[in-house]
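Since the structure comes first, as structure tokens, the remarks are kept for the end.
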Protein chains: 2
Amino acid sequence: MKQKLRLRQLEALMAVIQHSSVTRAAKELGVSQPAVSRLLADLGQTLGFSLFDRRGGRLVPTQEVHFLQADIQRVLDLMDQIEEVSQSITERKAGHIRIACLPGFATNHLPAVIAQFLKDRPGVSITIEPDRPERILEWMIDEQFDFGITDGFRGHSAVFSTDIDVRTVCIFPDGHPLEKLSEVTAHDLANDKIIHTRRDSEFFKNLATAFVDADTVLTTLVETRQFTAACELVSHGLGVAIVSELDALKFVDRGVQARPFLPALSHRLSLVRPISKQPSAITLEFISAFASSLEPFQALENAPT
Amino acid sequence: MKQKLRLRQLEALMAVIQHSSVTRAAKELGVSQPAVSRLLADLGQTLGFSLFDRRGGRLVPTQEVHFLQADIQRVLDLMDQIEEVSQSITERKAGHIRIACLPGFATNHLPAVIAQFLKDRPGVSITIEPDRPERILEWMIDEQFDFGITDGFRGHSAVFSTDIDVRTVCIFPDGHPLEKLSEVTAHDLANDKIIHTRRDSEFFKNLATAFVDADTVLTTLVETRQFTAACELVSHGLGVAIVSELDALKFVDRGVQARPFLPALSHRLSLVRPISKQPSAITLEFISAFASSLEPFQALENAPT
DNA sequence: GATTTTATATAATATTATGTTATGGTCTCC
DNA sequence: GGAGACCATAACATAATATTATATAAAATC
């Protein structure tokens, strides 16, 4: 067999099998009858055995053809499927996005955003990997993931980042004296033990400065990495915390009250992605959707970070 | 997407993915580099998204392509497989043969012939369906089977048949007085009860004539359809039978002795196939192989049937 | 059984896909 | 900054696939 099998020949073959007629097959394929005749002739030549028997006006496939029929059909179906999928890809309805995020986001805000995003995109799948910021950074650098949600990001030449400052609020258990205030200052917290983020974090430094400026001593109760942990502790009646409004919202009506904190502090999130790897269109679309989802929580431009 | 996906484009895509280079891919495909460049350009155009990112001299597939890669590979593999199989078909190494045969052949002679036939034809598969001659005939007429082995066949306009007359022998249990003879005549059987085929069978008529001609009475012990059953009975020490040498051979050394019977009677087998359905080459090859396998048992041309 | 109808094959030819060579731009590597 | 590798593009040749026109053979009709 010197000639290669051509896809068009197989299409013609299947169409003729289906209709038992070259003419009808040609009609289905939308081409002239002689075109199909030749495709079949060439295919028969290539394969080395005859494809059809004439039987009272109809064409019936030979047993040899019958033997190949299933495989041929599978090829044609697969080609159709590839076309469909790539169609979906261009319409941003298919693809895969690998997301690395802070543990809090994996359970808190992100799932809702993903659910909404996938609603109109049935072919899209997503991987979520929660971990510490250091690890997220590594993953961006060696391009293991398409998109990262992190904080405390200081910039890196291999990582493209969009920073978003979200508002923070003061939270405390139901029944706490602060309940009576409509907003809370450092001064109001003089007698409270505070649950806050790690001392080396940017956010803690801002918080400490606020206390110093208010001539108030900051008394530590618990030092934690995650806002969610702080919220959890407060909801169990323990102490007071300053956390991102994003996290706090999930805990109101769960034994926690929230009030704006003054001076307004913001918490800087970084939406990151590998800089040299061209992101897929669907990834960019998701990052944009995620950024939008944070807008309601975004701090004013001029707020200190 | 107005343009259709072409197989050649997918081949080019996979080759470039594999080698991370258009030039090397072109070398593998055995064409010039610009040819591959264009195939990729056209494919990218058709699909609607870019296929590769440049990354320090190498080409890495975009995530979109990665998403399709498995399916594309499957299509190419399937095409290769189809080529291989059809190659096997033309070399008569693949295909399927449906055989309808007398019950005796299903267990007796046929298996050995099939085993030999399949030895050099790994892709060939065979269906064996044992049944009565009437049913075999029906199956030929409506083309449910490719090949039939039957007897008592009277001809039919929808069935093509090749008749083969096989020798018959007289068989009897070890220790029987006939043991002393080197050949047996009807006269020698005057005092024996005979196991023979059905009275309406052609072969019985010939046998009866031989007895009449020898002025001997034929005493029936058992009337059976199959030679194998007759052999089985004889091997249990019961009576005497005239059966085809083909069947008899399987029972010598199992308590049965065989001697030529005079006058020489033959048993007519018919190798049949549907007349209007063009048989596959592999079927014809098998029929021919089967006919050859009967040669050692074939009666002389001029023997009465 | 002659004739019309229908289905398919073949021939001549246009169009599209796929190949070639020639060439210029861009990137990497030194 | 220059050499070499790599790729894209242009101009053109060839092969695959389409077209229309027509011949041929089988099926259907009278």
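The C-alpha atoms of chain B define a longest principal axis, and helix B:281-294 lies at about 30 degrees to it.
Database remark: amide H of A:Val252 closer than 5 angstrom to no amide H (H placed geometrically; neighbours at sequence offset of 5 or more, or on other chains; Pro and chain starts carry no H). Taking Cα centre as origin and charging only the Cβ of basic (Lys, Arg, +1) and acidic (Asp, Glu, -1) residues, the dipole magnitude of the protein assembly as shown rounds to 1360 debye. Computed over chain B, relative contact order equals 19 percent, with contacts defined as Cα pairs under 8 Å that lie 6+ residues apart. Between copies, the label points at A:Val31 (set 7 angstrom from Cα along Cα-to-Cβ) are spaced 1.8 nm, reported in nanometres from shortest to longest.
Answer with one residue from A:Ala115, B:Gln45, A:Ala208: the one whose Cα lies farthest towards the positive end of the charge dipole of the protein assembly as shown, charges on Cβ with Lys, Arg +1 and Asp, Glu -1. It is B:Gln45. Using only C-alpha atoms and all pairs of different ones, pull out the Kirkwood radius for chain A in Å with one decimal. Computed over chain A, the radius equals 24.1 Å.
Normalised radius of gyration for the range B:7-90, please: alpha carbon Rg relative to 2.2 N^0.38 Å, two decimal places. Normalised Cα radius of gyration, the range B:7-90: 1.16. Among the listed pairs A:Lys277/B:Lys4; A:Lys4/B:Lys277; B:Lys180/B:Lys205; B:Lys93/B:Lys277; B:Lys27/B:Lys93; B:Lys205/B:Lys250, those whose Cα-Cα separation exceeds 23 Å are A:Lys277/B:Lys4; A:Lys4/B:Lys277; B:Lys180/B:Lys205; B:Lys27/B:Lys93; B:Lys205/B:Lys250.
Amide H contacts under 5 Å for B:Leu262: B:Val184, B:Thr185, B:Ala186, restricted to partners 5 or more places along the chain or on a different chain, H placed in the peptide plane at 1.01 Å from N. Across peptide A:82-88, the mean count of Cβ atoms from other chains lying within 10 Å of each residue's own Cβ comes to 5. Rolling a 1.4 Å probe over the protein heavy atoms gives chain B an accessible area of 49 Å² per residue.
Taking a Cβ cut-off of under 15 Å around A:Val124, the surrounding Lys, Arg, Asp and Glu residues balance to a net charge of -1, with basic ones at +1 and acidic ones at -1.
Taking only DSSP H segments of four or more residues, each worth -39500 (n - 2.57), what value at 222 nm results for the protein assembly as shown once the sum is divided by all its residues, to the nearest 500 deg cm²/dmol? About -13000 deg cm²/dmol. Normalised by the number of residues in the range B:165-266, the average gap of Cα pairs under 8 Å and 6 or more apart makes the relative contact order 49 percent. Each Lys and Arg Cβ is given +1 and each Asp and Glu Cβ -1; about its Cα centre, the range A:165-267 then shows a dipole of about 180 debye. Label-point spacing for A:Arg74 across the identical copies (point 7 Å from Cα in the Cβ direction), in nm and ascending order: 0.9. Along the Cα-to-C-beta direction of A:Thr23, a point sits 7 Å from the Cα; which residues of the range A:44-77 have their amide N less than 13 Å from that point? The answer is A:57-59, whose backbone nitrogens lie closer than 13 Å to the label point.
In degrees between 0 and 90, to the nearest 10, how far off the longest principal axis of chain A does helix A:63-90 point, with axes built from Cα atoms? Approximately 30 degrees, to the nearest ten.
Rolling a 1.4 Å probe over the protein chains gives A:Ser32 an accessible area of about 70 Å². Across peptide A:154-164, the average count of Cβ atoms from other chains found within 10 Å of a residue's Cβ is 0.
3J(HN,Hα) couplings calculated from phi for the range A:121-136 with the Karplus curve 6.51 cos²θ - 1.76 cosθ + 1.60 (θ = phi - 60°) are, in sequence order, 10, x, x, 7, 10, 9, 10, 10, 10, x, 6, 6, x, 4, 5, 4 Hz; Gly and Pro show x. The same position B:Thr209 in the other copies lies at 12.3 nm from this copy, comparing label points 7 Å beyond Cα toward the beta-carbon, shortest first. A dipole drawn for the protein assembly as shown from +1 and -1 charges on Cβ atoms has a positive end, and of A:Val85, A:Pro177, B:Thr127 the residue lying farthest that way is A:Val85. For the rotational copy relationship between B and A, the axis lies nearest to a chain B beta carbon, identified with its distance in whole angstrom as B:Leu7, 2. For the residues of A:273-281, the average number of beta carbons from a partner chain within 10 Å of their own beta carbon is 4. Placing +1 on the Cβ of every Lys and Arg and -1 on the Cβ of every Asp and Glu, with nothing else charged, gives chain B a dipole about its Cα centre of roughly 1680 debye. The modelled label-to-label distance for the pair A:Ala115/A:Arg54, using points 7 Å beyond Cα in the direction of Cβ, is 6.7 nm. Think of the protein assembly as shown as having a plus end and a minus end, set by charges on the Cβ of Lys, Arg, Asp and Glu; of B:Ser157, A:Pro103, B:Ala186, B:Ser157 sits farthest toward the positive end of this dipole.
In straight-distance terms, cross-link reach from B:Lys119 covers every one of the aspartates and glutamates whose alpha-carbon lies under 17 Å from its own, apart from those fewer than eight places away in the same chain; here that gives B:Glu91, B:Glu285. Highest mean first, the peptides B:98-106, B:211-219 sorted by other C-beta atoms within 10 Å per residue fall in the order B:98-106, B:211-219.
The values are calculated or read from the model by the stated rules, or taken from the named source; none is laboratory data. Not measured: the values here are computed from a predicted model. For neighbour counting, all protein chains shown are included, and Cβ atoms are generated from backbone atoms with ideal geometry for every residue, glycine included. For accessibility, only protein heavy atoms count, side chains too; no ligands or nucleic acids. Shrake-Rupley method; radii C 1.70, N 1.55, O 1.52, S 1.80 Å.
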